[in-house]
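Take a look at the structure below.
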Amino acid sequence: MFQSPLSENRPSPGLSPTHILVKVLLKIMAACFNLRPSLRKSLESDTGWIDYSAAIKTRSGSVSACIRFSLGRASVTGTAPADADICLVFKSDRQVRRFLTASPTEQIYMILKNDFYTRGNAACLNLFVYCISLLLNKQQVKMMARERLKDRKQVLKSSPGPGTGLSEALKARAEERLTGNREDPGVRYLEDPYLPEFSLQDFPRLAGFLDSHFETRAEVCPELPELMTEWHRKNGYETDPGGKAWNPVLRKGHCYKYIMENRRPFIHANDLIAGTTTTKEVGVVVYPEGHGTMIWGELFTVPHRSLNPYDVSPGTREILHHKVFPYWANRNFKEWVREKYDNPLCQQIDERFAVYFDWKSVTISHTIPDFPKILRLGTRGIIAEIEDEMRGDTDEDRTATRQAMILCLEGLETYSRNLAAQASGEISGTKDPARRAELENLSRICTRVVSGPASTLEEAVNAIWITWVGVHMESTNAGMSLGRLDQWLQPYFIRDMEKISDPEGQKRYIRHAVELIGCFMMRCTDHLPLTPDFANYYFGGSSSDQAITLGGVTPEGDDGINDMTYIFLKVTEMLGLRDPNVNARFTPGKNSDTYLKRLCEVNLITTATPSIHNDRAIWRSLEQYNYAMEDLRNWSATGCVEPTLSGRHMGHTNFQMISLVAALEMALNNGRHPLMDWELGPRTGQVEEGAFSSFDRFFKAFEDQMRFLIDQSIRYNELLAEAHQELRPTPLLSTLISDCIKTGKDVTRGGARYNSSGAACIGLADITDSMLVIKKLVFDDRAVTFRELKEAIDGNFEKNPGLHAMVTRKVPLFGSGDPGAVAMANRITRFVHGTYNSYTNYRGGKYTAGFWSMSNHVAYGTLCGALPSGRLKGKPFTPGLTPQPGASDSLLDNLRDVAALEPENMSNNIAFNVKVVPAADESRERTVENMAAYVASYFQLGGMQMQMNVVTSDMLRDAMAHPENYRNLLVRISGYNAYFVTLNRDMQRELIERAEYRI
Amino acid sequence: MTTGTNTNRKALLGTADPPLILDIKGNSLDDGPGIRSVVFFKGCPLSCVWCHNPESKKRGPEISFSPDDCVRCNACMDACPAGALSGENPFYIDREKCDLCFRCIPACPSGALEQVGREMTEKGILDQVIRDKVFFDASGGGVTFSGGEPTLHMPFLSGLIQSAAGAGLHTLLETCGLFDREAFDTLVLPHIHTVYFDIKIVDAALHRQYCGASNAKILENFRHLAALAAEGRLDLLPRVPLVPGITATEANLSAIAALLLENNIPFVKLLAYNPLWTQKPLKIGVKDKFSSEKASQDWIPSQDLDRMERIFRKKGIEITD
């Protein structure tokens, strides 16, 4: 039923002049490598020559050439062999010629738009790009600078002078602060829970850290991959030095211990928290068995790119190119699947970008470790627990897994001890007596934790941080989340406060607690995920998405708002960081208005955080899985917004991003995907041939296409999961997720008590609106034939302004307050949820559907033609499930419709964006009250989640042209936060075009 | 300019017939406390030159045309039996020829042509408003009756207020003050929670000149409501639209301040002039002098606003938000 890409089927028209051009260029490249010793040297790794071949061809075969590097010599052939390590397949000669003169950024857009695709080893592609960069990096850097200059001129044209007072108005927001009532029973010590007496100026230490956060350029850190590579070169990967196949979990345990023992213990200057994730001030962590090799091709250019540039020292480049990457070129998730399963269709689809992206090709990570456990027991206590389980269990696999767990905990302990030694070692060189005392204290803390239980807030916070560093040395820094830190830290805060009797001392201690949490949140910014430039356009601006969850109820069901909740909110307000991603739970009927108003005030001051969740709707969405009530009450947001039952649940809540709209395009084209030009899906009927006599028949075609895509994406996830079990078990994480110790199973093999895999389904509003238009105009009103509508879509409505006006103005859309539109959206989510839910994952849990989009609504929109909804070709989809801006003039219609969606179908949560603008003459009190009223009403109507951007489009436009005035302007994309000025232009424009409601 | 509004008693008594409703606007934060829905009635006994809703003046239905929305598909021309539509006409619609059959409205795909004013029943209005009750309750909001002038339909309005109040909604009336007092006292007063009362011009001649009718009855009604408010029988808020050169003069504002003090109302709401309305008359084919004047296109500078507020504050009158 399914055919391969068209390239295989087209007859060869013979070789073209472009072919000759390509061949000549490859020959020049080969000559350079053969004749220049310095270049030749670059083909050597630590252990021998780097051999690979890269081919370039067109689908028709009019171009077909290959360069092969073997034993340090390059040679060129006039045909692309089938066994080339990597092959770039272009649509036609035109795209080849364009590629040859394109800038790196343009080349990224070419691959996104499927002007060419690649077949073969992705690491080799990056190696090939690196080799080209060796020859051309000076020109590439110049090209990038020119591009940046051109772009700058363009935005300045539309907005030449900085907007008057706009950035000042934003800054001034923090200067006015409401006072709060003390009405939450769990607040024991804060007289005014809003802590309005504090501002950032009162914490010079934090202000300094924040400044450095904005001013420090991130740098790629080679420490982790270098240590990993060292250990594996010595001890083997597939087999141990004795030639016996490694148990992957045990191998990971040994390797992890080596890493933790040998990584450098850093105490960041002036910090109250010990330890860092990298050796750099702000480090980019490279996980070679994940997507680390994706940066290979950019090692020269990454400092010069426009978006998220990182520094790469020549030393780092040497280590990565010669020592690290060659070892991992085949030992990473993607290539493991490609090799073992012969590049299956499900992987080919993923690598064409337009339909779905499976995150397991990068990492799992999305979960919440059981921090209370390590605070309660320390590593010693957990090791004792493991040893208990080991007694009397002779099973080889379980024993190896538990041994690996112990090795990891020992590694973590050693790192902590090394930090203690580092702290005391620094005392002698420190003159400032206050800092000396702090270092002494840190040394004491790190001696006690993480090996023993924490007994003070300082110990608890440091133990969490050290453990946090620990889990990030085991798996990628993307989506791993921190959980309910207010709940988990409150007992330590209380314990400390109880020891202080005088009110002044208590006040001082509260100030100290604010500073400590501030240091912790700043520490979380010390690392960034490795973002290939490609991902800047595909994902854009996302940091690690370390979600912190505040508020809600205790596992017993009591009001959970406490002193630490408000302390975290104060820090969130003062720092306005994009990451950690602060999520707030609100339990209607349990949590106070005082708390809700404070969430809104912090959102107003920071412009974009926290996002707010309705506990009751979340619970309703999760009821179907038979989770224990106490665990449901203990849920935390993960990555963006997704629920994980803290410490007991491996829910890989972002296993994929999938475009619902791709299925619609395929249903409109009888299974063919237009942009990919690929007869991919089942043949469900041709619109032009009158295949659809009723709306339901068309809806079924959509369902068939969607089912096909979901099926493929899940297949890929399952294969990647196997790769994870082989390449990257996570025994340390497993010790912090029940019941892995008990079952002796790694968390990647289903050791957790609860298991699931969560999808992010993108384009719900676009699909719903498109379906509404087809149903009403084609089938109900017969105002237009399906064929006419299809023709208009194919022509991007350019010749049909009347029809375009009709579809955008005359059909009640999702978000307009029309019950039919809500019913349609529910029909779609019910189907999508039902389809995912029919699959059981490799860990024995259910697949679940969520409706949020990170930033992929922009990229997927770029890769999509016009839609029946009237959305034009290449325009972004709406973020998450947000109604499109034209749906209604009234925000209430939006809120009511989104709240009417059935939570049961959205158990991986939603992201609902609302852009609100306070009126200039409104008092702070009234603005906050209005915001709280919207949230409370929306929740009462059943809404699950909402996130407000409190900015005007004018401010965003001003920031686009004058980023220097807006370095900290925070925006919520779909579930996560970003600094607006770091986003690509498409995403910036999408934010500007969102509906804006005055409040 | 037409000043042919009939202000005799009979006209002000209104009828029980459903009025034409211009629009029901949800999520208003400007027309009373909290989040509100505003029901705009069509028809007004005054004819103020600066009227921000010129389409609310006439009682009968009208057609409006927004050139910006028109996609020039010409579908409306085929639908029009009177041949009243053409791009050649100054405002697209030849209103001499148009007999308001409204057949062009469904034919227009873009909504550039719209019917202004629709008959709605009490239930129809209430059903739409009540959907937002949860927002009203969370914010202390409710429903506002505005216009036009709702009291032109006093019996209908009365029924509507009673059902809204019966459904637990806070009700608020925005009025120009020109209504029949006895009818108001029996039909509206017992049921309404809050009245926003516009005071525009105190000088009788100027009022007649700019608002198209005498203000004698308006001032009389104000005194009456103020007395009721003083007794605690009514929640009353006087509002003054600040129109540069017309209402926002030193003399007029001082006179209004004096009027408020006389009636023991030491608070007022000032509505700053908003020039964004000046394209609206063209849509219904009206080209009046005031909206096209240069001075009508500007916002009031903030120092002028401060000066105007001081006129009231000096006399101890509080400016409410």
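The values are calculated or read from the model by the stated rules, or taken from the named source; none is laboratory data. This one's a predicted model, so the numbers in the text were calculated from it and none came from an experiment. Backbone-built Cβ (ideal geometry, glycine too); neighbour counts: all protein chains shown. When the accessible area is computed, the model is the full protein with side chains, heavy atoms only, and any ligands, DNA or RNA have been set aside. Shrake-Rupley method; radii C 1.70, N 1.55, O 1.52, S 1.80 Å.
Of all residues in segment A:108-158 being out of contact with any Gly (no Cβ under 9 Å at 6 or more places or on another chain) and among the aromatic types (Phe, Trp, Tyr), which is surrounded by the most Cβ atoms within 10 Å (Cβ to Cβ)?
Among them, the one singled out is A:PHE116.
Do we find that A:ILE383 is assigned to a helix (DSSP H, G or I) and hydrophobic (A, V, I, L, M, F, W, C) in this structure?
Details: assigned to a helix (DSSP H, G or I): yes; hydrophobic (A, V, I, L, M, F, W, C): yes.
The answer is yes for A:ILE383.
Go through segment A:632-677 and report how many residues are touching a strand residue (DSSP E or B) at 6+ places or on another chain (Cβ under 7 Å), open to solvent by less than 20 Å² (accessible area, probe 1.4 Å) and assigned to a strand (DSSP E or B).
Qualifying residue count, segment A:632-677: 14.
Let's see how each residue does on (1) open to solvent by 10 Å² or more (accessible area, probe 1.4 Å); (2) touching a residue at least 60 places away in the same chain (Cβ under 8 Å):
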| site | (1), (2) |
| --- | --- |
| A:ASP496 | yes, no |
| A:ILE500 | yes, no |
| A:GLU504 | yes, no |
| A:THR531 | yes, yes |
| A:PHE539 | yes, yes |
| A:SER544 | no, yes |
| A:GLY552 | no, yes |
| A:PRO555 | yes, yes |
| A:GLY560 | no, yes |
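Residue by residue through segment B:245-278, note down the ones that are within 17 Å of the chain's Cα centre (by Cα) and either assigned to a loop (DSSP other than H, G, I, E, B) or among the polar types (S, T, N, Q) (or both).
First pass over segment B:245-278, keeping only residues within 17 Å of the chain's Cα centre (by Cα): B:247, B:269-278.
Correct list: B:THR247, B:TYR273, B:ASN274, B:THR278.
I'd like the full set of residues that are out of contact with any helix residue (DSSP H, G or I) (no Cβ under 8 Å at 6 or more places or on another chain) and over 15 Å from A:VAL96 (Cβ atoms), limited to segment A:54-69.
Correct list: A:ARG68 only.
Identify the single condition in (1) free of Cβ contacts under 8 Å to residues at least 40 places away in the same chain; (2) more than 21 Å from A:LEU299 (Cβ to Cβ); (3) within 36 Å of the chain's Cα centre (by Cα) that A:LEU100 does not satisfy, given that it satisfies every other one.
A:LEU100 satisfies every listed condition except (1).
Scan segment A:114-123 and tell me whether some residue there is of a type in the set (Asp, Glu) and assigned to a loop (DSSP other than H, G, I, E, B).
Here is the first cut: in segment A:114-123, the ones of a type in the set (Asp, Glu) are A:115.
From what is left, the residues that are assigned to a loop (DSSP other than H, G, I, E, B) are A:115.
Yes.
When only residues in segment B:210-227 that are surrounded by fewer than 18 Cβ atoms within 10 Å (Cβ to Cβ) and under 18 Å from B:GLU262 (Cα atoms) count, which is nearest to the chain's Cα centre (by Cα)?
Looking only at segment B:210-227, we keep the residues that are surrounded by fewer than 18 Cβ atoms within 10 Å (Cβ to Cβ), and these are B:214, B:216, B:219-220, B:223-224, B:227.
Keeping just the survivors that are under 18 Å from B:GLU262 (Cα atoms) gives B:216, B:219-220, B:223-224, B:227.
Numbers: B:ALA216: 20, B:LEU219: 18, B:GLU220: 20, B:ARG223: 21, B:HIS224: 21, B:ALA227: 24 Å.
So, considering only residues that are surrounded by fewer than 18 Cβ atoms within 10 Å (Cβ to Cβ) and under 18 Å from B:GLU262 (Cα atoms), the one nearest to the chain's Cα centre (by Cα) is B:LEU219.
Hey, can you tell me all the residues within segment A:881-912 that are among the small types (Gly, Ala, Ser) and closer than 21 Å to B:LEU29 by Cβ?
As a first pass, look at segment A:881-912 and keep what is among the small types (Gly, Ala, Ser): A:886-888, A:890, A:899-900, A:907, A:911.
A:ALA887, A:SER888, A:SER890, A:ALA899, listed by residue number.
Sort out which residues of segment A:805-820 are within 13 Å of another protein chain (Cβ to nearest Cβ), under 19 Å from B:VAL71 (Cβ atoms) and buried (at least 22 other Cβ atoms within 10 Å of the Cβ), and write them in order of number. Please lay out each step first, then the result.
At the first step, the residues of segment A:805-820 found to be within 13 Å of another protein chain (Cβ to nearest Cβ) are A:805-812, A:815-819.
After this cut, where a residue has to be under 19 Å from B:VAL71 (Cβ atoms) as well, the list is A:805-811.
Once the filter is applied, which keeps residues that are within 13 Å of another protein chain (Cβ to nearest Cβ), under 19 Å from B:VAL71 (Cβ atoms) and buried (at least 22 other Cβ atoms within 10 Å of the Cβ), segment A:805-820 yields A:ALA805, A:MET806, A:VAL807, A:VAL811.
Kindly establish whether B:LYS57 is more than 14 Å from chain A (Cβ to nearest Cβ), on the phi < 0 side of the Ramachandran plot, among the basic types (Lys, Arg) and open to solvent by 40 Å² or more (accessible area, probe 1.4 Å). Give the steps one after another, and end with the answer.
Numbers: more than 14 Å from chain A (Cβ to nearest Cβ): yes; on the phi < 0 side of the Ramachandran plot: yes; among the basic types (Lys, Arg): yes; open to solvent by 40 Å² or more (accessible area, probe 1.4 Å): yes.
Considered against the rule, which asks whether it is more than 14 Å from chain A (Cβ to nearest Cβ), on the phi < 0 side of the Ramachandran plot, among the basic types (Lys, Arg) and open to solvent by 40 Å² or more (accessible area, probe 1.4 Å), B:LYS57 comes out as yes.
Could you go through segment A:193-203 and let me know if any residue there is assigned to a helix (DSSP H, G or I), open to solvent by 70 Å² or more (accessible area, probe 1.4 Å) and farther than 23 Å from A:PHE493 by Cβ. Talk me through it step by step, then tell me what you get.
As a first pass, look at segment A:193-203 and keep what is assigned to a helix (DSSP H, G or I): A:200-202.
Among the residues that remain, those that are also open to solvent by 70 Å² or more (accessible area, probe 1.4 Å) are: A:201.
Add one more test, that the residue is farther than 23 Å from A:PHE493 by Cβ, and what stays is A:201.
Yes; the residues of segment A:193-203 include at least one that is assigned to a helix (DSSP H, G or I), open to solvent by 70 Å² or more (accessible area, probe 1.4 Å) and farther than 23 Å from A:PHE493 by Cβ.
Out of all the residues in segment B:288-303, which are of a type outside the set (S, T, N, Q) and free of Cβ contacts under 8 Å to residues at least 40 places away in the same chain? Don't jump to the end; show me each part of the working.
Taking segment B:288-303 and keeping what is of a type outside the set (S, T, N, Q), we get B:288-290, B:293-295, B:298-301.
Hits for segment B:288-303 are B:GLU293, B:LYS294, B:TRP299, B:PRO301.
Please determine whether any residue of segment B:45-53 is open to solvent by less than 30 Å² (accessible area, probe 1.4 Å), within 14 Å of chain A (Cβ to nearest Cβ) and modelled with pLDDT of 90 or more.
No, segment B:45-53 has no match at all.
Say we look at segment B:131-188 and pick out the residues that are among the acidic types (Asp, Glu) and within 17 Å of B:ASP17 (Cβ to Cβ); which of these is nearest to the other protein chains (Cβ to nearest Cβ)? First the steps, then the outcome.
Our first condition is that a residue be among the acidic types (Asp, Glu); within segment B:131-188, this holds for B:132, B:137, B:149, B:174, B:180, B:182, B:185.
Checking which are within 17 Å of B:ASP17 (Cβ to Cβ) leaves us with B:149, B:180.
Numbers: B:GLU149: 24, B:ASP180: 34 Å.
Among those residues, the one meeting the criterion is B:GLU149.
Select from segment A:365-380 the residues that are open to solvent by less than 10 Å² (accessible area, probe 1.4 Å) and outside any loop (DSSP other than H, G, I, E, B) and write down the one among them that is farthest from A:THR743 (Cα to Cα).
If we take residues in segment A:365-380 being open to solvent by less than 10 Å² (accessible area, probe 1.4 Å) and outside any loop (DSSP other than H, G, I, E, B), then A:LEU375 is farthest from A:THR743 (Cα to Cα).
Restricting to segment A:312-325, count the residues that are open to solvent by 10 Å² or more (accessible area, probe 1.4 Å) and either in a loop (DSSP other than H, G, I, E, B) or out of contact with any helix residue (DSSP H, G or I) (no Cβ under 8 Å at 6 or more places or on another chain) (or both). Let's see the steps before the verdict.
Residues of segment A:312-325 that are open to solvent by 10 Å² or more (accessible area, probe 1.4 Å), as a first pass: A:312-315, A:317-319, A:322-323.
Then drop every residue that is not either in a loop (DSSP other than H, G, I, E, B) or out of contact with any helix residue (DSSP H, G or I) (no Cβ under 8 Å at 6 or more places or on another chain) (or both), which leaves A:312-315, A:317-318, A:322.
Total satisfying the criteria: 7.
Just name the residue that is farthest from A:LYS799 (Cα to Cα) out of those in segment B:62-89 that are open to solvent by less than 20 Å² (accessible area, probe 1.4 Å) and of a type in the set (Ser, Thr, Tyr).
Within segment B:62-89, the match that is farthest from A:LYS799 (Cα to Cα) is B:SER64.
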